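Nothing in this text is a laboratory measurement; each read-out follows from the coordinates by a stated rule. Please read these numbers as outputs of a predicted model, since none were measured by experiment. Ideal geometry is used to build each Cβ from the backbone, glycine not excepted, and the neighbour counts take in all protein chains shown.
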Amino acid sequence: MGELWTITLLTVGMAAIATLIMLPPGLLLAWALARGRFRGRVLLETLVSLPLVMPPVATGLILLMLLAPRGVLGGVLANLGIEIVFTWKAVVIAMAVMGLPLLVRTARAGFEQVDRRYEQVASTLGANPLRVFLTVTLPLALPSVMAAAVLCFARAIGEFGATMMIAGSIPGSTRTLAVAIYSFAETGRDTQAAQLVLVSAAIAFAALALSNWIAARSGLRT
Amino acid sequence: MIHLDFILRQGPFLLELHEQLAGGITALFGPSGAGKTTTLDAIAGLRRPSSGRIAVDERVLFDAERGIDLPAHTRHIGYVPQEPGLFPHMNVRRNVLYGRRPGQRLSLEAVTTMLEVGEFLDRRVPDLSGGERQRVALARALMSAPDVLLLDEPLAAVDVERRRRILPYLLRVRDDLGVPVIYVSHDRGEVDQLADRVIVLDAGRAAGEAEEEAGEKGA
C-alpha cells in the first residue's frame, strides 16, 4: 500500500502546485479575454485552448523540445543549473499546461457573467482597473473561479500524455496516478492498477462533487 | 460650468450635444432611445465620443483634438445608474465607503445623516427596498466627492409615495452641497419639480431647452 500511497500523494500534491501556479496568470488571461479589447485576442484565445484539442502527446513533445537541455528554454535553464525534464518539475509543467485551458475557459465564462455596470460604477468611484478586478469582478465571479480551479486540478490529476513525454515514469518522483496505472497494467501488476483506478475515480468524483456543489450554491445565491 | 460639446456615433445612432451647464440641477429629458444614458456614459468616461470636448470648469475630461481622454476612475464624476448597482457582495457600509476620497470635506456621518441611511449601514444589499437602495447609491456617489453628479432615472424604480420622499434628498444635494447634478428622466412631472433647466433630447439631438420652466417643447 505504501507505493500506492506515495503515488497518490505525489499526484495530488503536484496537481495542487500546478493549479496554484496557474491560478494568477490563468485568471488574468481569463479577465483579458472576457473584458479586454485588444489586437490578437482571438489568436490568444486559440493558443490558450490549444492543449484542450491537441493530442496531449503532441503537446508533450512541444514541451520537450522547449525544455530539454538542448531546447530553447531548457538551454537557458541548464546554464542556471536548473533541470526540468524527467523531474517532478516537468510533471507540474505538463499538468499546468494541460489544465490551463479549462481554468481559463471556466473563469472567463464567470467573468463574462458579472454585470458590467458594477465594474463601471466602481470605476466612476475612483477604482483603477486592478482594484475593480480584485474588489468587484473577482468576488462576484468567485463561484466560477473556484469551479475553474477544481476543473484545472482534476485535469491535472488525470494528466498522462504530456507527462509521459517530458517526465517519464520514475517511481517516487514522476510516476503519477495515470502514468502508474499504465505502467502497472503493462507489467502485469493488475491488482495495483485496479486499486489506482479506484483512487483516481474517488478523486475525480470528489472534485466534480465539489465543483457542482459550488455551482449549486452560487445558483441559490443569485 | 460643465462644457458638453461632443458627437458620439454608434452604428446608425448619432448623439450630438453642444451645451454649457451652470450649477444646479439640469434635467436631460426625452423618450427612451434619445441618448440620455449615452450622454451620462460619455461624461463619466464609460463611452468615448467620436469627437468634441467635455470639461468641468477648467478640468478637461475629454478632448478629441488634443488626445485627452481621462479614464473613468480619474474623472471625479459621481454616477448613480438606473439600476443603482450596489455591490451585492458588500454590506451597505462598505458600499458607501468604496469610493471615499481621502481628504474630502464630507464625512460619512454628514452624508448618512443627510440621506438618512445611517440606520442600515450594517444591512446586506439584498435586504434593502428600492428607495433605500437609491439613497445608498446616492450616498456612495457623494462619498467620492464628485465634481458632478449624474443620476439616471433615479426614481424610475420606486413608487409614487417613495418618489415624493426621495425628491427632497436630491434637492439637499444641490442646496447643501452645491454639487451640480445632471438628471435623466422621462417623467415630465419630476423634471418640472426638480430641474433648474431642461435639455430635451430627441433622437440624439437637443431638440429644445429651457430655464426653470420646460414648457411644452419636444414632449
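Just a few scattered comments:
- Fewest neighbouring Cβ atoms within 10 Å first, the residues A:PHE38, A:PHE160 line up as A:PHE38, A:PHE160.
- Note that the range A:120-130 has calculated 3J(HN,Hα) couplings of 5, 4, 4, 5, 5, 8, x, 7, 6, x, 5 Hz, one per residue in order, obtained from phi through the Karplus relation 6.51 cos²θ - 1.76 cosθ + 1.60 (θ = phi - 60°); glycine and proline are x.
- Global geometry of the range A:35-125, whether rounded, prolate or oblate, following the gyration tensor of its Cα atoms and the 1.5 cut on a/c: prolate
- 15 Å reach of a label modelled at B:ASP147, 7 Å along Cα-to-Cβ, counting backbone N of the range B:165-184: B:179-182
- Maximal additional length on extending the B:GLN20-B:SER50 stretch stands at 8.9 nm, based on 0.36 nm per residue less the C-alpha distance.
- Span-like helix check, chain B: qualifying full DSSP H segments, with Cα axial length of 15 Å or more and mean Kyte-Doolittle of -1.0 or more, are B:130-143, B:160-172.
- Spacing of the two label points (7 Å from each Cα toward its C-beta) at B:GLU161 and A:VAL72, in nm: 7.0 nm
- The distance between label points at A:ARG217 and A:THR191 comes to 4.0 nm (points 7 Å beyond Cα on the Cα→Cβ vector).
- Cβ-defined net charge surrounding A:SER49, 12 Å radius [Lys, Arg +1; Asp, Glu -1]: +1
- Taking amide H atoms as placed 1.01 Å from N in the peptide plane, the amide H of A:ALA68 lies under 5 Å from those of A:GLY74, each 5 or more residues away in sequence or on another chain.
- With R₀ set to 51 Å, the beta-carbon distance separating B:ALA203 from A:TRP5 gives a calculated FRET efficiency near 0.10.
- For peptide A:112-122, the mean count of partner chain Cβ atoms within 10 Å of a residue's Cβ comes to 5.
- Dividing the summed -39500 (n - 2.57) terms of all DSSP H runs of n ≥ 4 by the residue count of chain B sets its mean residue ellipticity at 222 nm at -7500 deg cm²/dmol.
- Span from the the range A:159-222 Cα centroid across to the the range A:1-63 one, whole angstrom: 16 Å
- For A:MET14, A:MET165, A:MET95, B:MET1, order by how many other beta-carbon atoms lie within 10 Å, fewest first: B:MET1, A:MET165, A:MET14, A:MET95
- Cα Rg, Dmax, the protein assembly as shown, angstrom units: 28.6, 93
- Scattering curve values for the range B:2-211, log₁₀ I(q)/I(0), Debye with Cα scatterers, q = 0.12 Å⁻¹: -0.60
- Calculated FRET efficiency for the pair A:ILE170/B:GLU83, C-beta based, R₀ 51 Å, to 0.05: 0.35
- Taking the number of Cβ atoms within 10 Å of each Cβ as an exposure proxy, the fewest-first ranking of A:ARG155, A:ARG41 is A:ARG41, A:ARG155.
- Measuring how big chain A is from its alpha-carbon positions, Rg and Dmax come out at 19.4, 66 Å.
- Neighbouring Cβ atoms from other chains, within 10 Å of the Cβ of residues in B:66-73, number 3 on average.
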